[in-house]
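Participant: One structure coming up, written as structure tokens, with questions to follow.
The values are calculated or read from the model by the stated rules, or taken from the named source; none is laboratory data. Remember, it's a predicted structure, so these values are computed and weren't measured experimentally. Positions of Cβ are generated from backbone atoms using ideal geometry, with glycine treated the same way; all protein chains shown enter the neighbour counts. Note: areas computed on protein heavy atoms with side chains; ligands, DNA, RNA excluded. Shrake-Rupley method; radii C 1.70, N 1.55, O 1.52, S 1.80 Å.
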Amino acid sequence: MTTEQTARATAKADRRQALLQAAAHLFAERGYTSVRLEDLGAACGISGPGVYRHFPGKNSVLGELLLQVSRDLLGGAQQVVAREGTAHGTLTALVRFQAEFAVAHRDVIAVQDREMRHLQAQARAEVVRLQRAYIGLWAGELVRAHPDEDHDTAVFRAQAAFGLLNSTPHSVRRSPAEQSGRSTLLERMALAALLAGPVDG
């Protein structure tokens with residue numbers, strides 16, 4: 001590949017990523033059904049038809065957005081699990097990883113929460129598969145931390161923690177100062193919930 005070809009490929013990849021970022025913001029702000037391809041193009045300085053050079057249509061933009069985030073979360077969690085040793089250390093690192101993501105990607109969290117129903121069946125099935133694998137990594141560490149509890153309880157703990165960590169579209173503003181403070185507080189609260197002892201009785 002020539003230098004010119006490499007530059008064109010890089011520019012195309014950058015434009016594609018810019019479209020995904022614009023989609024996350026617009027879908028979160030207006031809702032998927034209210035956003036047109038022309039709106040996505042305008043947010044990136046290209047015409048509506050120009051979007052077709054990167055995506056077949058609006059639904060494929062939504063699909064790629066949610067597939068990308070699901071892959072990134074699973075890949076990041078796999079790295080955490082491979083790097084850490086103890087269950088407590090791994091859960092601490094997983095919570096920090098998810099909290100930092102949730103604070104930095106509030107728009108994506110909102111889109112994932114509200115717009116999954118618009119995905120085509122194949123994309124939705126793959127997103128669900130990736131999400132289940134992600135939850136499974138957390139559950140595995142929770143079983144290590146709570147050996148007297150079963151896998152279903154571990155999944156419940158993980159999903160409850162996600163509810164807290166992924167509250168950022170509603171609980172955290174965009175200012176860097178607030179994001180930093182809220183991220184730390186969310187980490188502490190989620191870790192306390194994950195490590196809490198079982199309820200007696």
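Participant: Would you mind classifying the range 1-108 by shape? Square roots of the alpha carbon gyration tensor eigenvalues, ordered a ≥ b ≥ c; an a/c under 1.5 is rounded, otherwise it is prolate if a/b is larger than b/c and oblate if not. Could you put the intermediate results ahead of the total?
Facilitator: Values: a/c = 3.19, a/b = 1.63, b/c = 1.95.
Judged from the Cα gyration tensor, the range 1-108 comes out oblate (a/c at least 1.5, b/c at or above a/b).
Participant: Considering only ALA123, SER47, LEU194, whose Cα is most displaced toward the positive end of the charge dipole of the chain, charges sitting on Cβ of Lys, Arg (+1) and Asp, Glu (-1)?
Facilitator: SER47
Participant: Can you work out the accessible area per residue across the range 1-139, with the rest of the protein chains kept in place, probe 1.4 Å, in square angstrom? It would help to have the intermediate numbers written out before the result.
Facilitator: Numbers: 7080 Å² over 139 residues.
Using a 1.4 Å probe on heavy atoms only, each residue of the range 1-139 averages 51 Å².
Participant: Something else about it: If you take the beta carbon distance between ARG30 and THR184 as r and set R0 to 30 Å, what does 1/(1 + (r/R0)^6) give as a FRET efficiency, to the nearest 0.05? Before the final figure, lay out the partial values.
Facilitator: Working: r = 31 Å, r/R0 = 1.04.
Given R0 = 30 Å and the Cβ-Cβ separation, E is 0.45.
Participant: Can you give me the angle between helix 176-195 and the longest principal axis of the chain, using Cα atoms only, in degrees from 0 to 90, rounded to the nearest 10?
Facilitator: 40 degrees
Participant: Considering only protein heavy atoms and a 1.4 Å probe, what is the carbon-and-sulfur percentage of the accessible area of the chain? Walk me through the numbers on the way to the answer.
Facilitator: Numbers: 5750 of 10920 Å².
Answer for the chain is 53 percent, counting heavy atoms of protein chains only.
Participant: In 10 Å bins starting at zero, report the fraction of Cα pairs in the range 46-166 per bin as a rounded %.
Facilitator: Distribution as computed: 12, 40, 30, 13, 4, 1 percent.
Participant: For the pair TYR52/GLN78, report the inter-label distance in nm, with labels modelled 7 Å from Cα in the Cβ direction.
Facilitator: Roughly 3.6 nm, to one decimal.
Participant: So, one more: As I understand it, the dipole of the chain uses +1 on the Cβ of Lys and Arg and -1 on the Cβ of Asp and Glu, about the Cα centre. Which of ALA23, LEU73, GLN98 lies farthest toward its positive end?
Facilitator: Final value for the positive-end residue is ALA23.
Participant: Tabulate in residue order the Karplus-calculated ³J(HN,Hα) for the range 138-150, using 6.51 cos²θ - 1.76 cosθ + 1.60 with θ = phi - 60°, rounded to whole Hz; enter x for Gly and Pro.
Facilitator: Once rounded to whole Hz, the list reads 4, 4, x, 6, 5, 5, 5, 6, 10, x, 8, 9, 8.
Participant: Still on this structure, I have one more. Take the chain, connect every pair of alpha-carbon atoms lying under 10 Å apart with a spring to form a Gaussian network, then pick out the residue of ARG106, ARG182, ARG117 with the largest mean-square fluctuation.
Facilitator: For the chain, modelled as a Gaussian network with Cα springs under 10 Å, the answer is ARG117.
Participant: At 222 nm, what value in deg cm²/dmol follows for the chain if DSSP H runs of at least 4 each add -39500 (n - 2.57) and the sum is divided by all its residues, to the nearest 500?
Facilitator: -25500 deg cm²/dmol
Participant: So which chymotrypsin sites (Phe, Trp or Tyr not before Pro) in the range 25-110 pass both tests, a DSSP loop state and at most 14 other Cβ atoms within 10 Å of the Cβ? Please list the in-between numbers first.
Facilitator: On the way: sites: PHE27, TYR32, TYR52, PHE97, PHE101; in loops: none.
Listed in order of number, the matching sites amount to none.
Participant: Between ALA13 and ASP148, with labels modelled 7 Å along Cα→Cβ, what's the label distance in nm to one decimal, could you check?
Facilitator: Computed distance between label sites ALA13 and ASP148 equals 5.1 nm.
Participant: Hey, got the dipole for the range 7-75? About the Cα centre, +1 on K and R Cβ, -1 on D and E Cβ, debye to the nearest 20?
Facilitator: On the way: 9 positive and 6 negative charges, 49 e Å.
Charge dipole, the range 7-75, about its Cα centre: 240 debye, nearest 20.
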